[in-house]
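Novice: Supplied in C-alpha cells, the structure appears directly below.
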Amino acid sequence: MVITSHGRPAALRQVLADTRIHAAGTGTILFDARLAVQPEDAWFDPQHWRAQGNLLERARGGRGSVVFVDTPAGICALRHYHRGGMVAPILGDRYLWNGRERTRGFAEFRLLAELHAQELPVPEPVAARYLRNGVHYTADLLTRRIEHAHTLAEMIARRSLDARLAARVGQLIARFHAAKVDHADLNAHNVLVAPNGLWLVDFDRGRIRRSRGDWQLGNLRRLRRSLLKLGACESDEARLDREIWTPLMCAYEDALP
C-alpha cells in the first residue's frame, strides 16, 4: 500500500529527499541516503551474514522470516516477506507485481520513514529490496533493531503483563490512532517493550488513514484476540477484561485527543 501524507506534506518531502534507489545485482534497492555505505544485494541474504559471523539471532514469534544481522550500517532486523492465509502454500514468498512503489518492502519503508519523521516509536528503516521475476516479485526489508526489547507476547509468557503495562500499551496505541495510523496486524508479537519505552513494529500493509473510523476498533479487537490466544490471564476472558483490557482501554481513551 502506497502511503499518503494527509496534512504532512513537509514531512513526506523530507522522507523522499532522504532516500535513494539503485539496482544491485538482480535486485532493486531503496535505502536511506544518509548511510555512510551503500547497501548491496548481499545485505538481504542471511547466508551472507552467517558466512561472515554476523548473523546474530532469529526473532521469536510473529509471521514471516526475521533475523538480526550486524551490518556496516549497524545491527538490523532483516525480514523476508512471506504470504499468510490460504494462499501461503501456493505462492509462499511471491507477490503479484503492481509497480515498484507498491512492493511490500518499498511501501513499508516509506511508511516507517514518515512515521519516524513524526517521532512515533517505530523502527528506523535502513533499506528495502525487491527481486522481480515476470509478474511476481519477492521482497525484503532492513530496519534498525530496537535494543534490549521483548515482545508483549514474551511478557505474557513470563506472566509480566499486568494492569500497569496494559495501560502503557493503551497509551501507545492511542498515540498511533491519533496520527491516523492503521496497523494491519496489531498483535502481541508486534508490540515491543524496551527500557526506553514501547514500540510498534511490522507495518506491512499498514497505512495512514484520512480519518478515524471502524478501522481503529478493528485494530483493538485484533490485539484482544491475540492476548487471549497467547494465554494472557490464562485465557480467562472475564479475568482478561477485568485485569488487562479495562486498564488498557481506559488509558487508550484518556490518551486520545
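The values are calculated or read from the model by the stated rules, or taken from the named source; none is laboratory data. Please read these numbers as outputs of a predicted model, since none were measured by experiment. When we count neighbours, we look across all protein chains shown, and the Cβ atoms used for this are built from the backbone with ideal geometry, even at glycine.
Novice: In the range 137-156, how many residues are part of a strand (DSSP E or B) and within 12 Å of Ala194 (Cβ to Cβ)? Let's see the steps before the verdict.
Specialist: If we filter the range 137-156 for residues that are part of a strand (DSSP E or B), which is where we start, we get 137-144, 150-151.
From what is left, the residues that are within 12 Å of Ala194 (Cβ to Cβ) are 150-151.
Residues that pass the stated criteria total 2.
Novice: Quick one: count up the residues across the range 6-51 that are exposed (fewer than 15 other Cβ atoms within 10 Å of the Cβ) and modelled with pLDDT under 85.
Specialist: Result for the range 6-51: 11.
Novice: Let me ask something else about it. Regarding Val169, is this residue out of contact with any Pro (no Cβ under 8 Å at 6 or more places or on another chain), of a type in the set (Val, Ile, Thr) and part of a loop (DSSP other than H, G, I, E, B)? Don't jump to the end; show me each part of the working.
Specialist: Working: out of contact with any Pro (no Cβ under 8 Å at 6 or more places or on another chain): yes; of a type in the set (Val, Ile, Thr): yes; part of a loop (DSSP other than H, G, I, E, B): no.
When the stated conditions are applied, Val169 does not pass them.
Novice: Just to verify a result, which residue in the range 106-123, among those that are in contact with a helix residue (DSSP H, G or I) (Cβ under 9 Å, 6 or more places away or on another chain), part of a helix (DSSP H, G or I) and of a type outside the set (Asp, Glu), is surrounded by the fewest Cβ atoms within 10 Å (Cβ to Cβ)? Talk me through it step by step, then tell me what you get.
Specialist: Narrowing the range 106-123 to residues in contact with a helix residue (DSSP H, G or I) (Cβ under 9 Å, 6 or more places away or on another chain): 106-107, 110, 113-118, 120-123.
Checking the rest, the ones that are also part of a helix (DSSP H, G or I) come to 106-107, 110, 113-117.
Subset that is of a type outside the set (Asp, Glu): 106-107, 110, 113, 115-117.
On the way: Phe106: 23, Ala107: 23, Arg110: 22, Ala113: 23, Leu115: 25, His116: 18, Ala117: 16.
Filtering first and then ranking leaves Ala117.
Novice: Now, a different point. Inside the range 39-78, can you point out the residues that are polar (S, T, N, Q) and touching a Lys or Arg at 6+ places or on another chain (Cβ under 8 Å)? Don't jump to the end; show me each part of the working.
Specialist: Within the range 39-78, the subset polar (S, T, N, Q) is 47, 52, 54, 65, 71.
Once the filter is applied, which keeps residues that are polar (S, T, N, Q) and touching a Lys or Arg at 6+ places or on another chain (Cβ under 8 Å), the range 39-78 yields only Ser65.
Novice: While we're here: Would you please list the contacts, defined by Cβ atoms under 9 Å and residues six or more apart or on different chains, that run from a residue in the range 106-127 that is within 16 Å of Leu192 (Cβ to Cβ) to a residue that is assigned to a loop (DSSP other than H, G, I, E, B) and among the polar types (S, T, N, Q)?
Specialist: Pro121/Asn196
Novice: Conditions: (1) in contact with a strand residue (DSSP E or B) (Cβ under 9 Å, 6 or more places away or on another chain); (2) more than 30 Å from Arg129 (Cβ to Cβ); (3) in a loop (DSSP other than H, G, I, E, B); (4) not hydrophobic (A, V, I, L, M, F, W, C). Pro257 meets all but one. Number of the miss?
Specialist: Every condition holds for Pro257 apart from (1).
Novice: Turning to a different aspect of this structure: With respect to the numbered conditions (1) in contact with a Gly (Cβ under 9 Å, 6 or more places away or on another chain); (2) of a type outside the set (S, T, N, Q); (3) at pLDDT below 95, which one is the sole condition not fulfilled by Leu56?
Specialist: Condition not satisfied by Leu56: (1).
Novice: I would also like to ask the following. Would you mention how many residues in the range 203-239 are among the hydroxyl-bearing types (Ser, Thr, Tyr), outside any loop (DSSP other than H, G, I, E, B) and under 18 Å from His177 (Cβ atoms)?
Specialist: Taking the range 203-239 as the starting set, the residues that turn out to be among the hydroxyl-bearing types (Ser, Thr, Tyr) are 211, 226, 235.
In the following step, the residues that additionally are outside any loop (DSSP other than H, G, I, E, B) were identified as 226, 235.
Still in the list and also under 18 Å from His177 (Cβ atoms): 226.
Final tally of qualifying residues: 1.
Novice: Hey, can you tell me all the residues within the range 157-199 that are surrounded by 20 or more Cβ atoms within 10 Å (Cβ to Cβ) and more than 18 Å from the chain's Cα centre (by Cα)?
Specialist: Hits for the range 157-199 are Leu161, Ala166, Ala167.
Novice: Right, another one. Of the residues Val87, Val126, Val69, only one is assigned to a strand (DSSP E or B), hydrophobic (A, V, I, L, M, F, W, C) and over 28 Å from Ile173 (Cβ atoms); which?
Specialist: On the way: Val87 fails: assigned to a strand (DSSP E or B); Val126 fails: over 28 Å from Ile173 (Cβ atoms).
Going through Val87, Val126, Val69 in turn, just one is assigned to a strand (DSSP E or B), hydrophobic (A, V, I, L, M, F, W, C) and over 28 Å from Ile173 (Cβ atoms): Val69.
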